[in-house]
Amino acid sequence: MMRTAPVAGARNWAASSPPLLRFLTACHKDFAADDSGEVAHYIPELGKAHPEHFGISLATLDGHVYEIGDSRVPFTIQSMSKPFVFALALDTLGATRVEAVIGVEPSGDPFNSIRLNAENHPFNPMVNAGAIACSGLILEAKGDAAFDIVRQALSRFAGRELDVDEAVFASENATGDRNRAIGYLLRTSGVVKEDVRKVLDVYFRQCSVLVTARDAAVMAATLANRGINPVTGEQVVTPYAVSRTLSVMTSSGMYDYAGEWIYRVGIPAKSGVGGGILAALPARLGLGSYSPRLDAHGNSVRGIKVCEALSSHYGLHMLSRADDARNAVIADYNIGKSCSRRSRRPQERRILAAHHNQVRIIELVGTLSFSTVDYVSRQLASKPRPQFVIFDLRRIAAVTPAGGRLLAEEFQELANFNVTVILSGIDRASGQWKSIGEWAAGLSNIRNYPLLDDAIEWAEDQIVYRHGGNIYAVEVTELAEQMLLAGLDKEELDQLTALGTVKTYRPGEKILAEGEPASSLFFLKSGVVHVKLPNGIRVATITAGMAFGEMALLEPHRSADVYADAQVTALEVQLADFERFREDNPRAGERIMRNLAQLLADRLILANTKLNLLTAT
Ligand code: GLN
């Protein structure tokens, strides 16, 4: 009996489906033809499972769940519960207590082996002995509430309330003497301290919890996601418990097939005699499959095939990973190549040109990992040390623990050499700052600017100060110093002055608004203004001696807003008057248009350099 299931998460347009769903669908179709293996009968109730049922589900870490076939058919979780209860035990009793009585060595034996290790402890938590010991520990800690706590934990992993199949529980309880024998053995060696009947009651119930392939995929994805359920967002267990659980899944999850499994598939996994297999590929995905026919090891035949196919088709073996740390640096330059948008007076420009290699900017992308940060630190060390390093992190999505630690060490190293570190592109209020900023906390040499341009401007200001420049000096400039008017003689300048009106503005006042008719231009005599796009991005900061609104000479409307940063004095010349002036003084008019062309060319060169920095590396 085969049914084509409605596909969850399919796109609206009929013919299209994501390639991964297509792949899983093809696996489902191909492996459904395999009817080898036997449904487990040793727990009589399990023998009633429909041998043809076959469901596959894959959950991604962004919370998307692919499903195909009988992905919503419930079956008992059985040994697939073991990793989750082990993780729960680690978090509930503490690693020391748990690790004192349950080993982590593969046994090489079948799941129901009664053999214990040299200390008379279970070999690992993935075989029945270890799982029974875990149930005992939880009973020890939680008393009669133990099973419900286990059930609730499994439910949080699955992201929905899970129930027990009472018939399977009764059936296993009635026939589980071998497991009972293991329980008594563990009691003689002091691993189990509680009443063995109660311990087995918890264990059998835990094995009888009903899940679907979809649940198994989400549960596995939670392990792959450092304990955070990617669908509900809940942190179910600690990252410590998760990494230890994945470790034992890797070495022992598939019992006496574990070595072969990790060699061929290379994804931590756990099977159950109910027919389920779940596989958790850290930082990638969780897979759940259900097909009750089992091989001689007690692993689902089709489930194994799905895992093998997924791993080999996409090369997902966890030990086959490649990453080039160099890709993380998308631009590395100093202010000689790309400075801030603040327009500088000649004195400032001279200082900055002489010391351009004192401000280094490194723009990063992706994940800050151990290798990325190491690479960046060597890039920094390969050239003379600057006084300021700006790390632009706006394209950084995550920091790994190792990357964060190495970054903090690099910051410390830079601090030792009196290098000021500036982080740009991250907002202190955001979650991103938490992951990056926490590594920077407590280091006094770190500054933070949400915008890269502000960070560069601040660093430039420091360089100017350090070399005797004075940025905010109240300075009144003469029209003769205007770049736009360079080359005009005194008479021409006087004539222009007479045409204009002196205007003053308070700090913060809006001088020009985007979209308005552009009917005048301004020569800034004193103070500072900035030009801002409607989206809030600052295009330029303009200081005394520069013009603004000069695009009016070319464009009929204002292309940006202009605000006063400080007390501002400017000479406003109406466009109509300016045109008349140009007609009366053709030579001066020609000079002005040349100067304007030069200013625009400079801006274009700067914009091109920026573009080049971002695309050429
Ligand atoms: N409840 C089953 C047992 O103890 C679990 C075994 C399994 O799924 N491998 O036999």
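Details
- Taking each residue of the stretch 167-196 that is closer than 18 Å to ASN117 by Cα and looking for partners that are assigned to a loop (DSSP other than H, G, I, E, B) and within 11 Å of the ligand (Cβ to nearest atom) with beta-carbon atoms closer than 6 Å, six or more apart or interchain, yields ARG178/ASN112.
- Residue that is modelled with the lowest pLDDT [pool: residues in the stretch 487-515 that are open to solvent by 60 Å² or more (accessible area, probe 1.4 Å) and under 47 Å from the mean Cα position of the chain (by Cα)]: PRO507
- Residue that is farthest from the ligand (Cβ to nearest atom), among those in the stretch 163-188 that are polar (S, T, N, Q) and closer than 17 Å to LEU139 by Cβ: ASN173
- Residues of the stretch 459-486 that turn out to be part of a helix (DSSP H, G or I) and open to solvent by less than 50 Å² (accessible area, probe 1.4 Å), as a count: 9
- Selected residue [of a type in the set (A, V, I, L, M, F, W, C), touching a strand residue (DSSP E or B) at 6+ places or on another chain (Cβ under 7 Å), at pLDDT 85 or above and closer than 30 Å to LYS503 by Cα] from LEU484, LEU452: LEU484
- Answer from ALA145, ALA59, ALA89 - the residue that is more than 16 Å from the ligand (Cβ to nearest atom), free of Cβ contacts under 8 Å to residues at least 40 places away in the same chain and closer than 25 Å to SER208 by Cβ: ALA145
- Taken over the stretch 454-486, the criterion of being among the acidic types (Asp, Glu) and within 41 Å of the chain's Cα centre (by Cα) is satisfied by ASP454, GLU457, GLU460, ASP461.
- The residues of the stretch 169-211 that are assigned to a helix (DSSP H, G or I), open to solvent by 10 Å² or more (accessible area, probe 1.4 Å) and among the hydrophobic types (A, V, I, L, M, F, W, C), listed by number, are PHE169, ALA170, ALA174, ALA181, LEU185.
- Scan the stretch 16-58 for residues that are open to solvent by less than 40 Å² (accessible area, probe 1.4 Å), of a type in the set (Phe, Trp, Tyr) and more than 19 Å from HIS313 (Cα to Cα) and the total you get is 1.
- Residue list for the stretch 248-273, filter: open to solvent by 10 Å² or more (accessible area, probe 1.4 Å), in contact with a helix residue (DSSP H, G or I) (Cβ under 7 Å, 6 or more places away or on another chain) and not aliphatic (A, V, I, L, M): THR250, SER251, ARG264
- A count restricted to the stretch 273-312 and to residues that are over 17 Å from VAL65 (Cβ atoms), in contact (Cβ under 8 Å) with a residue 12 or more places away in the chain and part of a loop (DSSP other than H, G, I, E, B) stands at 11.
- First in the stretch 27-45 and in contact (Cβ under 8 Å) with a residue 24 or more places away in the chain, second anywhere and among the aromatic types (Phe, Trp, Tyr), Cβ under 7 Å, 6 or more apart: HIS28/PHE54; ALA32/PHE54
- Residue match in the stretch 114-125 (condition: of a type outside the set (Phe, Trp, Tyr), within 14 Å of the ligand (Cβ to nearest atom) and under 16 Å from ARG205 (Cβ atoms)): no
- Checked against (1) of a type outside the set (S, T, N, Q); (2) closer than 30 Å to GLY545 by Cβ; (3) within 16 Å of the ligand (Cβ to nearest atom), GLY276 passes all but a single condition, namely (2).
- Considering residues of the stretch 68-83 that are more than 13 Å from the ligand (Cβ to nearest atom) and of a type outside the set (A, V, I, L, M) only, the residue nearest to GLU172 (Cα to Cα): PRO74
The values are calculated or read from the model by the stated rules, or taken from the named source; none is laboratory data. Here the structure is a predicted model, which means the values were calculated and not measured. Please note: Cβ atoms are built from the backbone with ideal geometry, for glycine as well, and neighbour counts cover all protein chains shown. Note: areas computed on protein heavy atoms with side chains; ligands, DNA, RNA excluded. Shrake-Rupley method; radii C 1.70, N 1.55, O 1.52, S 1.80 Å.
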